[in-house]
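What follows is a set of notes on a single structure, which appears directly below.
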Amino acid sequence: MSVLVTGGAGYIGSHMVWELLDKGEDVVVIDNLSTGFDWAVAPRAKFVLGDIGDMKLVTRVIEQNSVDTIIHFAGSVVVPESLEKPLEYYENNTVKTRNLIQVAVNTGIDKFIFSSTAAVYGAPMTSGPIREDAVLNPMSPYGSSKLMSEIMLRDTADAHGMRYVMLRYFNVAGCDPDRRTGQSTVGATHLIKIACEAALGKRSNMRVFGTDYETADGSCVRDFIHVSDLAAAHYAALNFLRQGGLKFTANCGYSRGYSVLEVVDAVQRISGNKFPVIRDQRRPGDIPALVANSHRIQSRLSWTPRFDDLDFIVETALAWERKLEGIRPAVAAG
Ligand code: UDP
C-alpha cells in the first residue's frame, strides 16, 4: 500500500515525503507545480504532475498505486492574498478538497490527514495559548476556506466511515536538518523566509507590519514550529489511524510565542547581518497573537517536538536560503 501526498512538491509536503521515505513507506505525490518544484520531490517518491481537483486523474493514481491513505497539503496559504483573491482560495482550498474527498469516498480510502491552520480560530478571545475547542471564527478567506474543508471532511467521515486527522498548523519555518528540501517558494511572504532573504542580501531591507499592537513589544506574536517536527506529527497521525484511531483534531505548535521583532533580531544575530528593518503599517488580516496550546497532540499522539528552538529554526532556514542560491538564481525582491 502507498501514501498519497498532495502538494508533495511544496514546502511542507516535500518534507513529509522525506519523512515517509525515511520510515520505509511507499509514496506517490500529486502536485500541479503552481508553487512547488518537481526537483523538491524526493527521487524515490513517484511524482504525478496534475491537479487534485481532477477527479479522473486522482482516481487513477489511487487505483494504480494501491493508495490507502491521503495526506492532503495542496492548497493556497497566504492570508493577505486570500483577502484580495477570495474566490481563488475557495476554489483551491475548498472546491478542490471537496473533489478529493469525493474521490477518497469513491475509491474506499479510509484514512485521511488534512493540513488545517490556526487561521480557523480568527482573533482568539485570549492572547494566551489557544485550545482546539476555542471558538472557530476565521477572519480571512484563507481561514474560512480551510474551516469549510474541515467541516466537509468531518461530515463525510461520519457518513462514510472514513477516519481522519486534522492538524491546525501555527507558523511553520526552518528546513530539513539534512538540507534535502526547504522553503523554496518564489515571492514568499512568510516572515522567517523574508528575514532570511534580507540577511543574505536577496532583498535590501524588510518591513515589520505593525508595531502598535497590544503585545509586549507592539509587534504580532506567533508560535513557530519547525517543519520537520510538523512532518513527524503527521507520521504520528498516520500511526494513530493505522492503530484504529477514528478522528482527531489538534494544534501543531510549541505553546510558545515569539514577536515579529524578536524573530527579526534572531535572524540578524544568527546571520551576523544587521539588515535595515522598516517599521510599517499593520497588514490587513493579521491577528495580534496566535499561540498554540499543544497539550492535546502531545498527550494523544506519540509525538514529542525535537526542534523547539527558534535559533535552530532560523539556522536551518538560513542554511536552506544559502543552498537555494545554488539551485536557482536568487529572485530579486524588495
Ligand atoms: N510579517 C512582517 N513582515 C514580513 C512578513 C511578515 O512583519 O515581511 C509579519 C506579519 O505581519 C505577521 C507575522 O509576521 O504579523 C507572521 O506573518 P506570516 O505571513 O509569516 O504568517 P501568518 O501568521 O500570516 O500565517
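Quick note: the coordinates plus some simple rules give every number you see, no bench work behind them. Since the structure is predicted, the reported quantities are computational estimates derived from the model, not experimental observations. Reconstructed Cβ throughout: ideal geometry from the backbone, glycine too, with neighbour counts over all protein chains shown.
Details
Yes/no per residue for (1) in a loop (DSSP other than H, G, I, E, B); (2) crowded, with 24+ Cβ neighbours inside 10 Å; (3) of a type in the set (Ser, Thr, Tyr); (4) free of Cβ contacts under 8 Å to residues at least 12 places away in the same chain:
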residue: Gln102; (1), (2), (3), (4): no, no, no, no
residue: Val105; (1), (2), (3), (4): no, no, no, no
residue: Ser115; (1), (2), (3), (4): no, yes, yes, no
residue: Pro124; (1), (2), (3), (4): yes, no, no, no
residue: Val135; (1), (2), (3), (4): yes, no, no, no
residue: Pro138; (1), (2), (3), (4): yes, no, no, no
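Rundown of residues vs (1) in contact with a strand residue (DSSP E or B) (Cβ under 7 Å, 6 or more places away or on another chain); (2) closer than 30 Å to Lys56 by Cβ; (3) basic (Lys, Arg); (4) more than 14 Å from the ligand (Cβ to nearest atom), yes/no style:
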position: Pro124; (1), (2), (3), (4): yes, no, no, no
position: Asn137; (1), (2), (3), (4): no, no, no, yes
position: Asp155; (1), (2), (3), (4): no, yes, no, yes
position: Leu167; (1), (2), (3), (4): yes, yes, no, yes
position: Gly210; (1), (2), (3), (4): no, no, no, no
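- Exactly one residue out of Ile62, Ile71, Ile52 is touching a strand residue (DSSP E or B) at 6+ places or on another chain (Cβ under 7 Å), part of a loop (DSSP other than H, G, I, E, B) and β-branched (Val, Ile, Thr), and it is Ile52.
- Looking across segment 177-195 at every residue that is part of a loop (DSSP other than H, G, I, E, B) and crowded, with 21+ Cβ neighbours inside 10 Å, the one that is nearest to the ligand (Cβ to nearest atom) is identified as Gln183.
- Any hit, segment 224-239, residues being closer than 30 Å to Ile113 by Cα, buried (at least 21 other Cβ atoms within 10 Å of the Cβ), near the ligand (Cβ under 9 Å from one of its atoms) and of a type in the set (A, V, I, L, M): no
- Note on segment 286-303: residues that are assigned to a loop (DSSP other than H, G, I, E, B) and more than 18 Å from the chain's Cα centre (by Cα) total 3.
- Filtered by the rule that a residue be of a type in the set (Asp, Glu) and surrounded by fewer than 17 Cβ atoms within 10 Å (Cβ to Cβ), segment 26-65 gives Asp26, Asp38, Glu63.
- Lone qualifier among Thr211, Thr185 - being within 30 Å of Leu136 (Cβ to Cβ), more than 18 Å from the chain's Cα centre (by Cα) and of a type in the set (Val, Ile, Thr): Thr211
- Residues satisfying the stated conditions in segment 240-255, i.e. surrounded by 19 or more Cβ atoms within 10 Å (Cβ to Cβ) and either among the charged types (D, E, K, R) or more than 16 Å from the ligand (Cβ to nearest atom) (or both): Phe240, Leu241, Phe248, Thr249, Ala250
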